[in-house]
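Heads up, the thing below is written out as structure tokens.
Each value in this text was obtained by applying a stated rule to the coordinates, not by laboratory testing. Quick caveat, the model's predicted, so the values are computed rather than measured. We place every Cβ from the backbone using ideal geometry, glycine too, and count neighbours over all the protein chains shown.
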Amino acid sequence: MKTRKNPFQELYVTEAFINGRSDAFVEGFSPLIVGHAMGLFQPGNVILKGLPGSGKSMLLNLLRPDTRISYHRSKIDFPVPSEFASFIGAGINLNLSGADTFGLRPFDSDPEINKFVTPLYFGDFINCWIVHDIFSSVKKFQNANEESLCREVGININTCLVDEAARRLAADSCWFGYFDNDSGCCDDLLRGLEKRITIYRSFSQRNIERIPDRIQQSKTDIGIPITKAVQHLRDAGVIAQHVQVYVRIDQYEELAWLDEIRSYGAIFQQVIHKLLGLRDSRVSYRVGTRRFAWAPDPTMFGTAARIENERTHKEIDLDEILLRHENRRTWTFPKIATDIFRRRLESSGYNLKGTKATMLRHVLGRSLAPNGEIKEYVKTSNPSDRLIRFDKSWPEDFNEYLREIAKTDLLSAVLGSAWARQKGKSAILEERPLPESPPWGKKVWWKKERYPIALMQIASRNQQQLQWSGEEELLALSGSNILAFLSLCQHIWDAWLRDMQFELLPEESVPQISRSVQSIGVQEASQEWFQKIGNSEHGDYRRQRFVRYLGEIFYRRLIDDLAMSNPGHNGFSVKIYDLESNPSIQKFLNTLEDFGDLMGMKHTSKTKGEKRWKWYLNPILSPYFNIFHVHTKEPIYVASEQVGDWIEQATHSGGRTRNG
Amino acid sequence: MDNSAKYRPWGRLREVINNIGRDKFFFYGCLSTEDRCVGALSELEKMGAIGGVSLVEIADIPSEYSESAAAKRYVNEKRFEEIGFGSALIEKIDLLDSEEKVFRWVEECIPRSSKVILDISSLPKRFFFAAVKILLRDPRVEDLIVVYSLPTRYYGGNLAERPSDWRALPLFGPQQYPDPKYDLAVVGVGFLPFGLPELLKSGFMEAKPHLFFPFPASPATYTKTWDFVRQIESSLSLNAEDQLAQVNAIDPSDTFDHINWLTDNGRLSALFAPYGPKPMSLGMAVYAAITGSPVFYTQPRVYHPDYSTGIKIGGDGHPLIYAYCLKLDGRDIYMVEKK
């Protein structure tokens, strides 16, 4: 290693399309995630839901033949258990392929006819593309000269059999005679499909005047040539009967955008739904999408029938799988993140030998407990009254009592100052003699729930930013999102490289990064994520302004809450039925949740039987707003109307609260 | 032949028009919220060089700016009338309207003159790329001049909002199948890289990114453009030595030559992401139109009503409006001649 490298410089090693980069994928991919999404590697259609950066593309990339071949060549076990590994993958990216350009140019001058035929041409294009990709995948395996891999997958290496399957498919009635005269082998079939695809693309780009009669008269039914292709491959003995064919549909959610320009998005989505509705065991589809981009009640093209979870397809929610629930032991994300961290360091040439702890812990250390953390904010053993914050009405001997406590335990003194302000607890102001051990000292949960707000108030009174560091806090800030985790690591490593540029350190030794340097990196990452809300793909400054507005409301409420009665006011909650009666607000909040700006979850109301939904900022945004990320106690209870007011004010104030 | 040695006439509007010796042009422009949108038209009218006009008035999607944007467009409509033209010459098309409407707007005016001026100062890329391609390849257009007015200043906040996902600009989508392996991804550096990292990671990883950095840049734009580079770099490793080139911000010919040089006169395949200044984007549009290369962009849905103000005045006291000849006497000025 000539220069110290940031192992996280490139964020998208496993997320990206991997042609030519499959070796990097093999090095960077954590197999630990596979066990949580096994449905992807079993027959049946799957809708894989998740936030941007949750790992959808990473998982779907495992279906690609290049990935499989790379694993085989690098002699690394393919991460899918062998009983589920007999499959070939194919797919279409609706954006890259140009499928989304359908409707750009009318196929017919009569608008009624055009409305009818456009989805049919769109379906035909998809059929051609996927059939081409299925045959290309088979050929890719055969041409890889890896006989044992073909055996493992269940592919016959005899290329004559593929020609036979192609001949049979070309002669199949599903093409309505398109291939009648010119398909003698697989390459002929592929060439015919390429020609047809190129004609569609040329038509969209206005390079040809019309779709030739031969194609007009042989439009295929969506999905049928695909299942026929798989059937002929099986019948001809190219793939064994047990081999599954999984077809990826990428960028499904982007079709919705088309509605803004040519009203075909929803119809094209219905065409895709029809593929899933075919429920043909010969081929299974995989659709990656954001949670709210998948319609709750999707209909199929040309029929009123609907597709349903658990009947026509299975929905896998990656965010749900990776998210932390009540029981920390069932939280899968830390193991995956730790593994990815080690893999990144290893592939960047760092020497990982001789370290007993996990690499993540070795580099970042453990996060500090509240008592340790407070020492980072306040170094003196004689803290000023300003940090404890007395009330004017309090007797001086009570103030002195807190001052004494503060000399050894400032956190306890600040909690005491809140205790004396709380309803029903202020009796301590009158109680004499004052108790030797403070009453809040024994209230384990009361204290635990208030440590974050107490630390936030102390840091603020001492004019400091909250600091984040250590393994536990980094994982928490990642919000169980792999991209957020990598982004935090990238910025921390960058901050370390800047800090250490003149230090003499063997280039390959793994650093242990100081708390202060980590904190700088975390702040930088947080700022970048805040900026991204407005200026990344699908960025929206309305969302950014609302997030800023919320962040400032939360900050102000938490800082002003001297009694610490509401330590959960870094989130807000709305009754579900109230929300449902305000669809525009619900839609806006869903969008924020869908892009990961807010994290939403159901919660139990303090009013018995009431169903509510609550939202917090994405934890990675907490450092930007100087708000703790821990969710404790009750969030702010508001009506949807209030949220509407916030949205309105955020839009017209640039996201600034009146105080902000 | 070395393309860089070719003479491609461009310069200040008045000089170019006087030097090429033509009289009346058909003028395509855009009625927008910007003062500069009628700047070139006003100059040309004073020179007596206008033989016909069609402006397209483009409304963004409804937003908190709609009202103020409509008011600003109204002010410019009045200016248009003061120059001597009626509102009947204004075609209304929404920013995200069907591409067909855009094509029709351009194509329907072609029979009206073989001499055409296209003012791209305020035309969104979704419109001007398609217009350049249609006008370039239509043999009825014998003289094609593109004009561009520099504003006095740009708005200091967010210039554009709510980008769409990245997709090919109309008429600049991929055509061949299977898709060729793209050797280069040429990126014009601008203010906001809306979704560009996603584009580069999503399917064209094999294409080596090359960033064209506009030069010279004013101090105000300099920070924004470097911030753009920094944002790209946080997703992709870049080698400043061979992946970052400084390109003349007002000379499309320079952009065109850089592309020719990078692609070895079209031998290597390239895709484009035009986020930089309009003249730089024009260079990309011309190259991509000639070679059939794809162009991808994340079209914003909303532009700030104060996107820019004024028209910059040069040291000679005249507005800084540039003209670029793309076709003269039916002859293409820009060509890619493969070795």
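Given +1 on the Cβ of Lys and Arg, -1 on the Cβ of Asp and Glu, and no further charges, what dipole in debye does region A:22-320 carry about its Cα centre, rounded to the nearest 20? Intermediate results must be reported in sequence, preceding the final value.
Working: 34 positive and 39 negative charges, 24 e Å.
Dipole about the Cα centre, nearest 20: 120 debye.
Suppose every K and R has +1 on its Cβ and every D and E has -1 on its Cβ; what is the size of the dipole of chain A about the Cα centre, in Debye to the nearest 20?
The dipole of chain A has a size of about 1320 debye.
Give the distance, in whole Å, between the Cα centre of region A:121-163 and the Cα centre of region A:522-543.
41
Tell me, how many Å apart are the Cα centres for region B:239-316 and for region A:564-609?
Using only Cα atoms to place each centre, the spacing works out to 45 Å.
Extent of region A:368-461 along each principal axis, from alpha carbon coordinates, in Å, largest to smallest?
Projected onto the principal axes, the Cα atoms of region A:368-461 cover 35, 27, 22 Å.
If I model a spin label at residue A:638 and residue B:82 as a point 7 Å from the Cα along the Cα→Cβ vector, what separation in nanometres do I get?
Distance between label points: 4.5 nm.
Report for region A:539-660 the percent antiparallel among DSSP-assigned beta bridges with both residues inside it, nearest 5. Intermediate values should be presented prior to the final figure.
Details: 12 of 14 bridges.
Around 85 percent antiparallel, to the nearest 5.
Report, to the nearest 10°, how far helix A:444-461 tilts away from the longest principal axis of the Cα atoms in chain A, using its own Cα long axis and a range of 0 to 90°.
It is inclined by approximately 80 degrees.
Is region A:295-375 rounded, prolate or oblate when judged by the Cα gyration tensor, a ≥ b ≥ c being the square roots of its eigenvalues, rounded requiring a/c under 1.5 and prolate requiring a/b larger than b/c?
Values: a/c = 4.23, a/b = 2.20, b/c = 1.92.
Prolate.
Starting at the first residue of region B:277-289, write each ³J(HN,Hα) from the Karplus equation 6.51 cos²θ - 1.76 cosθ + 1.60 with θ = phi - 60°, in whole Hz, x for Gly and Pro.
Per residue, the Karplus-derived 3J(HN,Hα) values read x, 4, x, 5, 5, 4, x, 5, 4, 5, 4, 5, 5 Hz.
What average number of partner chain Cβ atoms lie no more than 10 Å from the Cβ of the residues making up B:157-165?
Values: counts 2, 6, 0, 2, 7, 7, 7, 7, 9.
Across B:157-165, the average partner-chain Cβ count within 10 Å equals 5.
Given H placed on each backbone N at 1.01 Å, which residues far from residue B:179 in sequence or on other chains put an amide H within less than 5 Å of it?
Result for residue B:179 returns nothing.
As I understand it, the value is the acute angle between the Cα axis of helix A:640-653 and the longest principal axis of the Cα atoms of chain A; what does it come to in degrees, rounded to 10?
90
Where does chain A land at 222 nm, in deg cm²/dmol rounded to the nearest 500, when only DSSP H runs of n ≥ 4 count, each adding -39500 (n - 2.57), divided by all residues? Before the final figure, lay out each step's value.
Numbers: 27 runs with 311 residues, N = 660.
Using -39500 (n - 2.57) per qualifying helix, the result is -14500 deg cm²/dmol.
Percentage of Cα-Cα pair distances in region A:539-660 greater than 26 Å, rounded to whole percent? Don't skip to the answer; put the middle values down first.
Values: 989 of 7381 pairs.
The answer is 13 percent, as a whole percent.
Determine the shape class of region A:22-320: with a ≥ b ≥ c the square roots of the Cα gyration tensor eigenvalues, call it rounded for a/c under 1.5, and otherwise prolate if a/b is greater than b/c, oblate otherwise.
Working: a/c = 1.85, a/b = 1.19, b/c = 1.55.
Here region A:22-320 falls in the oblate category.
I'd like the distance separating the alpha-carbon centroids of region A:22-82 and region A:203-244, in whole Å.
27
Using the beta-carbon distance between residue A:404 and residue A:605 and R0 = 45 Å, what value does 1/(1 + (r/R0)^6) give for FRET efficiency, to the nearest 0.05?
On the way: r = 41 Å, r/R0 = 0.92.
Once rounded, the FRET efficiency stands at 0.65.
Report relative contact order for region A:368-461 in percent, whole number only (criteria: Cα-Cα under 8 Å, sequence separation at least 6). Kindly include the intermediate steps, with their values, before the conclusion.
Values: 73 pairs, mean separation 30.1, N = 94.
Contact order relative to length: 32 percent.
At 222 nm, what value in deg cm²/dmol follows for chain B if DSSP H runs of at least 4 each add -39500 (n - 2.57) and the sum is divided by all its residues, to the nearest 500?
-10000 deg cm²/dmol
How many partner chain Cβ atoms sit within 10 Å of a residue's Cβ in peptide B:87-97, on average, as a whole number? Don't jump to the answer; show the numbers that get you there.
Values: counts 0, 0, 0, 0, 0, 0, 0, 2, 2, 5, 3.
Taking all residues of B:87-97 together, the mean is 1.
Which of the three applies to region B:1-128, rounded, prolate or oblate, going by the alpha-carbon gyration tensor with a ≥ b ≥ c and a/c under 1.5 meaning rounded?
Values: a/c = 1.81, a/b = 1.48, b/c = 1.22.
Cα axes put region B:1-128 in the prolate bin.
Report the label-to-label distance for residue A:355 and residue A:185 in nanometres (one decimal), using points 7 Å from each Cα along the Cα→Cβ vector.
5.3
In vacuo Debye scattering of chain A, one point per C-alpha: log10 I(q)/I(0) at q = 0.07, 0.10, 0.11 Å⁻¹?
Debye curve over Cα of chain A, log10 I(q)/I(0) at q = 0.07, 0.10, 0.11 Å⁻¹: -0.57, -1.01, -1.16.
Could you work out, residue by residue across A:194-205, how many beta carbons of other chains sit within 10 Å of that residue's beta carbon, and then give the average as an integer?
Working: counts 3, 1, 1, 5, 5, 2, 2, 6, 5, 1, 6, 10.
Average neighbour count from other chains, rounded to a whole number: 4.
Would you mind telling me the antiparallel percentage of the DSSP bridges in chain A, rounded to 5? Mind showing how you got there, number by number?
Numbers: 14 of 37 bridges.
Within chain A, antiparallel bridges account for around 40 percent of the total.
Could you work out how far apart the two model spin labels at residue B:227 and residue A:472 are, taking each label as a point 7 Å from the Cα in the direction of the beta carbon, and quote it in nm?
Calculated label separation equals 3.7 nm.
How many lysine pairs are close in region A:539-660, with Cα atoms under 12 Å apart and the two 8 or more places apart or on different chains? The partial results should precede the final answer.
Details: A:575/A:602; A:575/A:606; A:575/A:611; A:575/A:614; A:602/A:611; A:602/A:614; A:606/A:633; A:614/A:633.
Step by step, the pairs that qualify in region A:539-660 add up to 8.
Would you work out which of A:585, B:228, B:195 lies farthest towards the positive end of the dipole of the protein assembly as shown, given +1 charges on the beta-carbon of Lys and Arg and -1 on that of Asp and Glu, about the Cα centre?
A:585
Given region B:165-298, what percent of its DSSP beta bridges are antiparallel, to the nearest 5?
Among the beta bridges of region B:165-298, antiparallel pairing accounts for roughly 10 percent.
To the nearest 10 degrees, how steep is helix A:482-499 against the longest Cα principal axis of chain A, on a 0 to 90 scale?
Compared with the principal axis, the helix lies near 60 degrees.
Along the positive direction of the dipole of the protein assembly as shown (beta-carbon charges: Lys, Arg +1; Asp, Glu -1; about the Cα centre), which of B:124, A:215, B:335 reaches farthest?
B:124
What residue among B:206, B:100, B:43 has the largest mean-square fluctuation in a Gaussian network model of chain B, using Cα springs under 10 Å?
Among B:206, B:100, B:43, the largest GNM mean-square fluctuation belongs to B:100.
Report the one residue of A:619, B:110, B:253 whose Cα lies farthest in the direction of the positive end of the charge dipole of the protein assembly as shown (charges on C-beta: Lys and Arg +1, Asp and Glu -1; origin at the Cα centre).
Checking the options against the dipole of the protein assembly as shown, the answer is A:619.
For region A:539-660, give the magnitude of the charge dipole about the Cα centre (Cβ charges: +1 Lys/Arg, -1 Asp/Glu; no others), in debye to the nearest 20. Kindly include the intermediate steps, with their values, before the conclusion.
On the way: 17 positive and 14 negative charges, 34 e Å.
For region A:539-660, the charge dipole is close to 160 debye.
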